[in-house]
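Peer 1: Sharing a structure, written as structure tokens. Questions coming.
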Amino acid sequence: MDLDAVRTFVAAADAGRFQDAADQMSITQQAVSKRIATLERNLGVRLFTRTARGAQLTIDGQAFLPHARDLLRAEERAIASVRPGHRALRVDVIGRRLAPAALLGDFHRAHPEVELDVVTLFDADAAIAAVRSGTIDASFRAVTMPGRQLPGDIGAARVFDEPVQLLTGPAHELAGVRAVTPAELAGHRIWMPGLVPGTEWAAFYDDLAAAFGLTIEITSPDFGTEPLLDTIADSRSLATFVGERTRLVWPADHGLRRIAVRDPTPVYPHSLTWHRDNPHPGLAALRAHFASRRPAPSDGEAWTPAWAQQ
């Protein structure tokens with residue numbers, strides 16, 4: 001249905017005269033008549049009766065009027081849903097248990113006036129493509145992994161260095177220590193079935209393993225977080241890496257241990273990425289929020305891949 005014709009019909013119904021509707025819409029009376037005639041033809045009914053006093057709605061016109069107003073209101077809502085400043089800020093956080101979700105939660109508490117639409121995309125390539133197309137406004141990612149430089153229209157800023165921790169079960173030989181160095185983990189079995197080759201997080205852990213002579217196993221299917229925690233809890237030899245702000249919940253009898261890794265502390269480099277031409281005011285607020293909030297690891301020197309965006 002032609003919404004310009006519907007809009008003209010509503011204007012004529014409110015004004016009571018085609019000429020007044022034409023003046024209001026800055027078009028000719030002939031254009032008003034033509035639009036309404038087309039609408040009547042499409043509906044198969046007469047909407048107005050011409051009289052000496054102007055144009056009066058027929059019974060069908062009176063029945064159609066509230067629905068015509070609903071159509072125009074729906075049009076306004078549809079436009080507002082995608083207009084920067086009137087729609088929610090769409091932000092990719094990779095996973096809802098991971099640090100970016102917590103970071104975005106911090107932003108929401110500081111700026112409750114900014115409406116958010118939180119999404120989770122798989123990897124950096126998918127996220128950057130979505131930012132470029134306007135499907136999302138921003139993404140938290142580790143950039144730029146080897147061989148994948150950011151396009152020139154994408155901005156990025158390092159916003160959070162997340163310390164990596166070792167997670168063990170209570171029977172693991174390192175379960176009783178408060179901290180370990182990366183070098184001390186050489187020879188231990190670190191199991192991370194969720195690492196997917198080609199992703200930015202796989203690139204990070206590949207470089208970490210190469211830098212310190214670690215063995216990271218990705219064998220067996222990835223059945224999710226809970227089965228991983230069950231296996232770690234019962235193992236004397238398997239451990240895994242987790243981010244300091246990764247939210248994990250396990251049964252009390254699992255007795256899992258989070259152990260700090262220090263000297264140096266491996267940190268996962270979370271950056272905020274966005275399209276440089278995106279005018280959404282919420283994006284400006286998000287960028288400003290993180291501009292001065294990048295914390296440093298609390299203990300010793302930090303390690304991160306050489307390719308990580310500074």
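Peer 1: Only one residue in 22, 12, 31, 99 is closer than 30 Å to residue 282 by Cβ and either touching a residue at least 24 places away in the same chain (Cβ under 8 Å) or not assigned by TED's automatic domain parsing to the domain that holds residue 275 (or both), so which one is that?
Peer 2: 99
Peer 1: Would you mind finding the one in 168, 120 that is hydroxyl-bearing (Ser, Thr, Tyr) and over 13 Å from the mean Cα position of the chain (by Cα)?
Peer 2: Working: 120 fails: over 13 Å from the mean Cα position of the chain (by Cα).
Testing whether each residue is hydroxyl-bearing (Ser, Thr, Tyr) and over 13 Å from the mean Cα position of the chain (by Cα) leaves just 168.
Peer 1: Say whether the condition of being small (Gly, Ala, Ser) and surrounded by fewer than 22 Cβ atoms within 10 Å (Cβ to Cβ) is met by at least one residue in region 133-140.
Peer 2: Yes, region 133-140 contains a residue that is small (Gly, Ala, Ser) and surrounded by fewer than 22 Cβ atoms within 10 Å (Cβ to Cβ).
Peer 1: Which of the residues belonging to region 1-60 are in contact with a strand residue (DSSP E or B) (Cβ under 6 Å, 6 or more places away or on another chain), part of a strand (DSSP E or B) and among the hydroxyl-bearing types (Ser, Thr, Tyr)?
Peer 2: 49
Peer 1: Within the bounds of region 264-274, is there any residue that is over 30 Å from residue 87 (Cα atoms), part of a loop (DSSP other than H, G, I, E, B), in contact (Cβ under 8 Å) with a residue 12 or more places away in the chain and out of contact with any strand residue (DSSP E or B) (no Cβ under 6 Å at 6 or more places or on another chain)?
Peer 2: Checked region 264-274: no residue is over 30 Å from residue 87 (Cα atoms), part of a loop (DSSP other than H, G, I, E, B), in contact (Cβ under 8 Å) with a residue 12 or more places away in the chain and out of contact with any strand residue (DSSP E or B) (no Cβ under 6 Å at 6 or more places or on another chain).
Peer 1: Now, a different point. Among the candidates 226, 244, 217, single out the residue that is under 22 Å from residue 304 (Cβ atoms) and either in the same structural domain as residue 172 (by TED's automatic domain parsing) or not acidic (Asp, Glu) (or both).
Peer 2: Result: 244 is the single residue among 226, 244, 217 that is under 22 Å from residue 304 (Cβ atoms) and either in the same structural domain as residue 172 (by TED's automatic domain parsing) or not acidic (Asp, Glu) (or both).
Peer 1: I would also like to ask the following. Which members of region 32-53 meet the condition of being closer than 17 Å to residue 15 by Cα and surrounded by 15 or more Cβ atoms within 10 Å (Cβ to Cβ)?
Peer 2: Answer for region 32-53, where residues must be closer than 17 Å to residue 15 by Cα and surrounded by 15 or more Cβ atoms within 10 Å (Cβ to Cβ): 32, 33, 35, 36, 47, 48.
Peer 1: Any residue in region 216-227 that is in a strand (DSSP E or B) sitting within a Cβ distance under 6 Å of a residue that is not acidic (Asp, Glu)? List the pairs, counting only those 6 or more apart or interchain.
Peer 2: Listed pairs, sorted by first residue: 216/190; 216/192; 216/205; 216/209; 217/191.
Peer 1: In the same structural domain as residue 171 (by TED's automatic domain parsing) and either surrounded by 13 or more Cβ atoms within 10 Å (Cβ to Cβ) or part of a helix (DSSP H, G or I) (or both): is that true of residue 293 in this structure?
Peer 2: Yes.
Peer 1: May I pose another question? Quick check on this structure: which one of 128, 136 is farther than 30 Å from residue 263 by Cα, among the β-branched types (Val, Ile, Thr) and assigned to a helix (DSSP H, G or I)?
Peer 2: 128
Peer 1: Yes or no: region 83-91 includes at least one residue that is surrounded by fewer than 19 Cβ atoms within 10 Å (Cβ to Cβ), touching a strand residue (DSSP E or B) at 6+ places or on another chain (Cβ under 6 Å) and not hydroxyl-bearing (Ser, Thr, Tyr). Explain how you work it out, then say what you get.
Peer 2: Pass one, region 83-91, residues surrounded by fewer than 19 Cβ atoms within 10 Å (Cβ to Cβ): 83-88.
Pick out the ones that are also touching a strand residue (DSSP E or B) at 6+ places or on another chain (Cβ under 6 Å) and you get 88.
Remaining after also requiring not hydroxyl-bearing (Ser, Thr, Tyr): 88.
Yes, there is a match, as at least one residue in region 83-91 is surrounded by fewer than 19 Cβ atoms within 10 Å (Cβ to Cβ), touching a strand residue (DSSP E or B) at 6+ places or on another chain (Cβ under 6 Å) and not hydroxyl-bearing (Ser, Thr, Tyr).
Peer 1: Continuing with the same structure: Would you mind finding the one in 92, 137, 60 that is closer than 30 Å to residue 226 by Cα, touching a Leu at 6+ places or on another chain (Cβ under 7 Å) and of a type in the set (D, E, K, R)?
Peer 2: Exactly one of 92, 137, 60 is closer than 30 Å to residue 226 by Cα, touching a Leu at 6+ places or on another chain (Cβ under 7 Å) and of a type in the set (D, E, K, R), namely 92.
Peer 1: On to the next question. Step by step: first the residues of region 241-263, then only those that are assigned to a strand (DSSP E or B) and small (Gly, Ala, Ser), then the one that is farthest from residue 216 (Cα to Cα). Which residue is that?
Peer 2: 260
Peer 1: Could you tell me which residue of region 1-15 is farthest from the chain's Cα centre (by Cα), considering only residues that are loosely packed, with under 15 Cβ neighbours inside 10 Å and either of a type outside the set (D, E, K, R) or more than 16 Å from residue 75 (Cβ to Cβ) (or both)?
Peer 2: Taking the candidates together, the pick is 14.
The values are calculated or read from the model by the stated rules, or taken from the named source; none is laboratory data. All figures in this text were calculated on a predicted structure; none of them were measured in a lab. All Cβ positions, glycine included, derive from the backbone under ideal geometry; neighbour counts span all protein chains shown.
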